[in-house]
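Asker: Before anything else, here's the structure in question.
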Amino acid sequence: MQKWFEDAKLGIFIHYGIYAVDGVSESWSFYNGRITHEQYMKQLDGFTASKFDAEKWADLFEKAGAKYAVLTTKHHDGVALWDTEYSDLNVVKKTPAKRDLIKEYADAITKKGIRLGMYYSLIDWSHPDYPSVFESGKVPEDLSKVNKHSSPVDGIQDEEKWQKFLEFNNNQLREILTNYGKVDLLWFDGDWERSAEQWNLPAFKDYLLSFNQDLIINSRLQGHGDYKTPEQGIPITRPEGPWEFCTTINSSWGYQHADDNYKSLNQIIRMFCDCITLGGNMLLDIGPLEDGTVDPRQEAILLGLGDWIRTHEEAVFGTDEGIMTRYYLGGSTISKDKKTLYLFVYDDPKENICLKGLCNKIRKITVLHSGKELTHEIQGGVPWFNIPGTTWIHMTPEDTHEQVTVLKLEFDEELEMYGGSGAVVTHN
Ligand code: GLC
């Protein structure tokens, strides 16, 4: 795993495609029969990208505090945002946009020093060779439930077609990995419709790495990815290893005119804090309009999050996941040298912030956004058995930030938390 990824904390996910024209759900709308494939593809005529300005996007992502971006080069609908040699189903040939949007995106993102990520759907529900086999080659008993976009409805599998499809994916991925400068991250989706063997793993992964040894690949590769990607629900327990939580700002990945179910800025900031305090990244999604502009409500969220991150930068970047919530009922991060603990305060405290099990002597406590120094007292504890008391940090609502407050606790030594169960009782 590349170090940059674990230090990145925030990435921006972009679901941009022809689905923004009518505001239907990306690919799934025809797959689930809400509209026909033909109706869905009519959106090609309305996809103009007329105000698409990749530099503006890059600027916005930078202001949001993001260190990487991941754009849908091709969703399950098979519509490529670049001028692929291997299919005419792309926005350059089939839409009024007539531009290689991936090129403009890659140039702008790289120029800004943001890490370049490409989402690529392994499944392609528009490709004639795709619905040629069943997952793991198992023909289902009830053929009436087979979706014609993903598997052969007559139950007859065609291995040759499937091999041709894999070659097609390989060719498109070669274009993505070689025509746009260095790609830092490949974000696959849709691996679930075929088995690892069918995706030709691990050879497929070796093929991808042959273009760039540093490439990071997300987990949606039937067990062969580099990091976990929980989606839409914040993990309750920390996933093992590196991970990234992807989420929408409202309820949709792509732009949907009717979706007003927005999360508030405070909710987004808290979700971000939940991720970093558990050692993960957040991949926050925007769904631009068909013309390439970003809905002002989504833009405001990105800018608001960026403001908060800038004010609290030292608690965010260059830190690791914090102490367990049994010590402190909130999130926290720790500096790399382990001599600074950052406590995230989500709600207004009545009179104190409570921290249990701290063995270190506190040198100084400051409210990060204001610089105000806070006092504290320690109650209880048995020093001769090294059992720490409870630290009460004096803090009232006037000390809080309007979103999430961060308290900075400095120590002379590396942070040490008490792991015992208070053996003192037996010594009484
Ligand atoms: C799901 C959906 C897809 C979306 C993705 C983002 O896998 O299939 O529409 O792009 O989540 O994580």
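Asker: For segment 126-135, what are the residues that are within 16 Å of the ligand (Cβ to nearest atom) and open to solvent by 10 Å² or more (accessible area, probe 1.4 Å)? Talk me through it step by step, then tell me what you get.
Answerer: Taking segment 126-135 first, the residues within 16 Å of the ligand (Cβ to nearest atom) are 126, 130, 135.
Matches in segment 126-135: S126, E135.
Asker: Find the residue count for segment 213-227, including only residues that are acidic (D, E) and buried (at least 19 other Cβ atoms within 10 Å of the Cβ). Quick ask: steps written out before the conclusion?
Answerer: Applying the first criterion (acidic (D, E)) to segment 213-227 yields 214, 226.
Among the residues that remain, those that are also buried (at least 19 other Cβ atoms within 10 Å of the Cβ) are: none.
The total comes to 0.
Asker: Right, something else. Which ones in segment 195-206 are surrounded by 17 or more Cβ atoms within 10 Å (Cβ to Cβ) and in a helix (DSSP H, G or I)?
Answerer: F204, K205
Asker: Now for a separate question. Does D399 meet the test of being closer than 25 Å to L10 by Cα and among the acidic types (D, E)? Give the steps one after another, and end with the answer.
Answerer: Working: closer than 25 Å to L10 by Cα: no; among the acidic types (D, E): yes.
Judged against the criteria, D399 is not a match.
Asker: Let me ask you something else. Test Y40 against the stated conditions and say whether it is closer than 30 Å to T277 by Cβ and either modelled with pLDDT of 95 or more or touching a Ser or Thr at 6+ places or on another chain (Cβ under 8 Å) (or both).
Answerer: On the way: closer than 30 Å to T277 by Cβ: no; either modelled with pLDDT of 95 or more or touching a Ser or Thr at 6+ places or on another chain (Cβ under 8 Å) (or both): yes.
No, not satisfied.
Asker: Within segment 169-194, restricting attention to residues that are surrounded by fewer than 17 Cβ atoms within 10 Å (Cβ to Cβ) and of a type outside the set (K, R), which residue is nearest to the chain's Cα centre (by Cα)? Show your work before the answer.
Answerer: We begin by selecting, within segment 169-194, every residue surrounded by fewer than 17 Cβ atoms within 10 Å (Cβ to Cβ); these are 170-171, 174, 178-179, 181-182, 192.
From what's left, of a type outside the set (K, R): 170-171, 178-179, 181, 192.
Working: N170: 25, N171: 26, T178: 24, N179: 25, G181: 22, W192: 19 Å.
Filtering segment 169-194 for residues that are surrounded by fewer than 17 Cβ atoms within 10 Å (Cβ to Cβ) and of a type outside the set (K, R), the one nearest to the chain's Cα centre (by Cα) comes out as W192.
Asker: Looking at I334, I362, which is the one that is surrounded by 15 or more Cβ atoms within 10 Å (Cβ to Cβ) and under 30 Å from W243 (Cβ atoms)? Working first, answer last.
Answerer: Working: I362 fails: under 30 Å from W243 (Cβ atoms).
Every option except I334 fails the conditions.
Asker: Oh, and also: Show the residue pairs that are 6+ apart or on different chains and have beta-carbon atoms under 9 Å apart, the first residue being within segment 55-72 and β-branched (V, I, T), the second being in a loop (DSSP other than H, G, I, E, B).
Answerer: These pairs meet every condition: T72/H15; T72/Y16; T72/G17; T72/E26; T72/L81; T72/W253; T72/G254.
Asker: Just give me the residues in segment 38-97 being over 28 Å from L10 (Cβ atoms), aromatic (F, W, Y) and open to solvent by less than 20 Å² (accessible area, probe 1.4 Å), in sequence order. Let's see the steps before the verdict.
Answerer: Of segment 38-97, the ones over 28 Å from L10 (Cβ atoms) are 38-48, 50, 78, 83-90, 92-97.
Checking the rest, the ones that are also aromatic (F, W, Y) come to 40, 47, 86.
Listed by number, the residues that qualify are Y40, F47.
Asker: Moving to a separate point now. Just to verify a result, which residue in segment 241-268, among those that are of a type in the set (S, T, N, Q) and without any contact (Cβ under 8 Å) to a residue 60 or more places away in the chain, is farthest from the ligand (Cβ to nearest atom)?
Answerer: S264
Asker: Taking K112 as the residue in question, decide whether it is open to solvent by 10 Å² or more (accessible area, probe 1.4 Å), in the same structural domain as N171 (by TED's automatic domain parsing) and within 21 Å of the chain's Cα centre (by Cα).
Answerer: On the way: open to solvent by 10 Å² or more (accessible area, probe 1.4 Å): yes; in the same structural domain as N171 (by TED's automatic domain parsing): yes; within 21 Å of the chain's Cα centre (by Cα): yes.
Against the criterion (open to solvent by 10 Å² or more (accessible area, probe 1.4 Å), in the same structural domain as N171 (by TED's automatic domain parsing) and within 21 Å of the chain's Cα centre (by Cα)), K112 qualifies.
Asker: Restricting attention to helices (runs of 4 or more DSSP H) lying wholly within segment 1-98, give those where 1 or more residues are under 23 Å from L186 (Cβ atoms). If you could, list the steps in order and put the result at the bottom.
Answerer: Working: elements: 3-8, 19-22, 28-31, 37-42, 54-64, 91-94.
By residue number, 3-8, 19-22, 28-31, 54-64, 91-94.
Asker: Name every residue in segment 1-37 that is free of Cβ contacts under 8 Å to residues at least 40 places away in the same chain and open to solvent by 50 Å² or more (accessible area, probe 1.4 Å), in order of residue number.
Answerer: The first filter runs over segment 1-37 and keeps only residues free of Cβ contacts under 8 Å to residues at least 40 places away in the same chain, leaving 3, 22, 29, 32-36.
Scanning segment 1-37 gives K3, D22, N32, G33, R34, T36.
Asker: If I go through segment 143-168 residue by residue, how many of them are among the aliphatic types (A, V, I, L, M), open to solvent by 40 Å² or more (accessible area, probe 1.4 Å) and not in a helix (DSSP H, G or I)?
Answerer: At the first step, the residues of segment 143-168 found to be among the aliphatic types (A, V, I, L, M) are 143, 146, 153, 156, 166.
Still in the running and open to solvent by 40 Å² or more (accessible area, probe 1.4 Å): 143, 153, 156.
Adding the requirement that they be not in a helix (DSSP H, G or I) leaves 153, 156.
Going through segment 143-168 one residue at a time, the tally reaches 2.
Asker: Look at S121 and say whether it is crowded, with 21+ Cβ neighbours inside 10 Å, in contact with a Gly (Cβ under 6 Å, 6 or more places away or on another chain) and touching a residue at least 12 places away in the same chain (Cβ under 8 Å).
Answerer: Numbers: crowded, with 21+ Cβ neighbours inside 10 Å: yes; in contact with a Gly (Cβ under 6 Å, 6 or more places away or on another chain): yes; touching a residue at least 12 places away in the same chain (Cβ under 8 Å): yes.
Criteria met by S121.
Asker: With the checklist (1) modelled with pLDDT of 95 or more; (2) buried (at least 16 other Cβ atoms within 10 Å of the Cβ) in hand, flag the one item S210 doesn't pass.
Answerer: (2)
Asker: Search segment 174-190 for residues that are in the same structural domain as L208 (by TED's automatic domain parsing) and pair each with any residue that is within 16 Å of the ligand (Cβ to nearest atom) and open to solvent by 20 Å² or more (accessible area, probe 1.4 Å) when their beta-carbon atoms are under 8 Å apart and the residues are at least 6 apart or on different chains.
Answerer: What qualifies is W187/R220; F188/R220; F188/G225; D189/R220; G190/R220.
Asker: Mind telling me which of the residues G287, G304 ends up being open to solvent by less than 20 Å² (accessible area, probe 1.4 Å), within 16 Å of the ligand (Cβ to nearest atom) and either at pLDDT 95 or above or among the small types (G, A, S) (or both)?
Answerer: On the way: G304 fails: within 16 Å of the ligand (Cβ to nearest atom).
Only one candidate passes the filter, namely G287.
Asker: Return the residue satisfying two criteria in turn: it lies in segment 84-122 and is touching a helix residue (DSSP H, G or I) at 6+ places or on another chain (Cβ under 9 Å), closer than 15 Å to L173 by Cβ and not small (G, A, S), and of such residues it is farthest from the ligand (Cβ to nearest atom).
Answerer: If we take residues in segment 84-122 being touching a helix residue (DSSP H, G or I) at 6+ places or on another chain (Cβ under 9 Å), closer than 15 Å to L173 by Cβ and not small (G, A, S), then E85 is farthest from the ligand (Cβ to nearest atom).
Asker: Continuing with the same structure: For the structure I just gave you, tell me whether S150 is among the polar types (S, T, N, Q), in the same structural domain as W82 (by TED's automatic domain parsing), away from the ligand (no atom under 16 Å from the Cβ) and touching a helix residue (DSSP H, G or I) at 6+ places or on another chain (Cβ under 9 Å).
Answerer: Values: among the polar types (S, T, N, Q): yes; in the same structural domain as W82 (by TED's automatic domain parsing): yes; away from the ligand (no atom under 16 Å from the Cβ): no; touching a helix residue (DSSP H, G or I) at 6+ places or on another chain (Cβ under 9 Å): yes.
Considered against the rule, which asks whether it is among the polar types (S, T, N, Q), in the same structural domain as W82 (by TED's automatic domain parsing), away from the ligand (no atom under 16 Å from the Cβ) and touching a helix residue (DSSP H, G or I) at 6+ places or on another chain (Cβ under 9 Å), S150 comes out as no.
The values are calculated or read from the model by the stated rules, or taken from the named source; none is laboratory data. Predicted, not measured: the structure shown is a model, and the values here were computed from it. Cβ coordinates were reconstructed from backbone atoms using ideal geometry, including for glycine residues, and neighbour counts include every protein chain displayed. Each accessible area value is taken on the protein alone, full model and side chains, heavy atoms only, with ligands, DNA and RNA left out. Shrake-Rupley method; radii C 1.70, N 1.55, O 1.52, S 1.80 Å.
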